[in-house]
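Colleague: Right, I'll just put the structure down here and ask away after.
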Amino acid sequence: MGRQVKEIPVYVFMGFLESGKTTFVKETLLDRSFTGGEKTLLLVCEDGEEEYDEKELKKNNIYVEYIEEDQLTTEHLLDLQDKYKPESVMIEYNGMWKLDKIFEIRVPKGWTVVQVLSFINAETYDLYSNNMKATMVEQFSSADMVVFNRCKPEDKRAEWRRSIKAVNRRAQIIFEMADGSIAQDENTEEDLPFDVKADVIDVKDEDYGIWYVDASDAPDRYKGKKIHFKAMVFHPKNYPDNIFVPGRFAMTCCAEDIQFVGYKCYYNGAKNLVDRQWVDVTATIDYEFYPDFGGDGPVLKAEKVVLTGAPEEEVVYFS
């Protein structure tokens, strides 16, 4: 029998320079309740403004290695594993490196990525998002948690939240204010451009993306409610005749990254609909298990589906 390989948990921290990665890692590492005193290898992939006190970390059984992009290989990681024999690994990842460097290389056997955190400096988020949106999206699309820090009261937190949820529904999103306090959940009805208390929630063409994200994010707000919106018909091949997907093409990142987004809809006349037809849908919202969600997600039960014309702008956005 071969020797059993002990699993080594790996924590990945992502973000651009000045995003708060190093500060968070230092605070986390020096909290012995997190590491439990076990030997921890910290791989640092960039030099930030914050520096590590390697002597102090070593007192806590934490060892730092700085690595360049060409060193992020299976062979080099195996060498480091042999050198330190860590019980856990933390990687402060370089925000400008492609993520496939960490997720597609063959990490040493037993290394398991258990949590990915993405850090965003709220002061520069809009600037980076406008100029490097694809790189930004790549970072938070794989994250378990997205942390906005240095937030101000006037920041567009609801809009930022939707931009994250549009590409990563499962991510937990935290807004840390400039004074270090955590902002209350900004996902409120007041932030929405439609009336969720109306007898029939009427979603305008340009607001479909906002509703699409919010419906999965706030089920208590929609369960049992009636909704009306315009959408395009799509018949997934594996769906029965009484189900179709009314949805829209949405830009989640850039012009090259347009995806069809919509929720499953039960409708007895679905088999008579043709792909890419435009329809007005009036339906009741319910929730059921979605494998892609890893939990419950919205599902529609249509009471009326009527053919209509295309909207003025066929592609939707999430803000």
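Colleague: Determine which single condition ASP191 fails, assuming it passes every other condition in (1) modelled with pLDDT of 85 or more; (2) more than 21 Å from LEU117 (Cα to Cα).
Modeller: ASP191 satisfies all of (1) modelled with pLDDT of 85 or more; (2) more than 21 Å from LEU117 (Cα to Cα) except (1).
Colleague: Out of the residues in the range 208-226 that are in contact with a strand residue (DSSP E or B) (Cβ under 8 Å, 6 or more places away or on another chain) and assigned to a helix (DSSP H, G or I), which is surrounded by the fewest Cβ atoms within 10 Å (Cβ to Cβ)?
Modeller: That would be PRO219.
Colleague: Being among the hydroxyl-bearing types (Ser, Thr, Tyr) and at pLDDT below 95, is that true of even one residue in the range 223-245?
Modeller: yes
Colleague: Report, by residue number, each residue of the range 245-281 that is hydrophobic (A, V, I, L, M, F, W, C) and touching a Lys or Arg at 6+ places or on another chain (Cβ under 8 Å).
Modeller: VAL245, CYS253, CYS254, PHE260, VAL261, CYS265, TRP278, VAL279, VAL281 - these are the residues of the range 245-281 that are hydrophobic (A, V, I, L, M, F, W, C) and touching a Lys or Arg at 6+ places or on another chain (Cβ under 8 Å).
Colleague: Mind listing whichever residues of the range 230-244 are aliphatic (A, V, I, L, M) and either within 25 Å of the chain's Cα centre (by Cα) or not in a strand (DSSP E or B) (or both)?
Modeller: ALA231
Colleague: Find the strands (runs of 3 or more DSSP E) located wholly in the range 87-173 whose residues include 1 or more that are of a type in the set (A, V, I, L, M), touching a helix residue (DSSP H, G or I) at 6+ places or on another chain (Cβ under 6 Å) and surrounded by 16 or more Cβ atoms within 10 Å (Cβ to Cβ), and list them.
Modeller: 145-151
Colleague: Condition test on TYR239, is it out of contact with any Leu (no Cβ under 9 Å at 6 or more places or on another chain), of a type in the set (Phe, Trp, Tyr) and over 29 Å from LYS133 (Cα atoms)?
Modeller: Yes, satisfied.
Colleague: Report the residue count in the range 266-292 for those that are touching a residue at least 40 places away in the same chain (Cβ under 8 Å) and under 19 Å from TRP211 (Cα atoms).
Modeller: Adding up the residues that qualify gives 10.
Colleague: Return the pairs, sorted by first residue and then second, in which the second residue is part of a strand (DSSP E or B) and modelled with pLDDT of 85 or more, the first residue lies in the range 243-258 and is of a type in the set (Lys, Arg), the beta carbons are less than 8 Å apart, and the residues are 6+ apart or on different chains.
Modeller: So the pair list comes out as ARG248/ALA231; ARG248/MET232; ARG248/PHE260; ARG248/VAL261; ARG248/GLY262; ARG248/VAL315; ARG248/VAL316.
Colleague: In addition: Kindly indicate whether any position in the range 297-306 is over 30 Å from ASP155 (Cβ atoms) and basic (Lys, Arg).
Modeller: Taking every residue of the range 297-306 in turn, at least one turns out to be over 30 Å from ASP155 (Cβ atoms) and basic (Lys, Arg).
The values are calculated or read from the model by the stated rules, or taken from the named source; none is laboratory data. Keep in mind it's a predicted model, so treat the numbers as computed, not measured. No Cβ is skipped: glycine too gets one built from the backbone with ideal geometry, and neighbour counts run over all protein chains shown.
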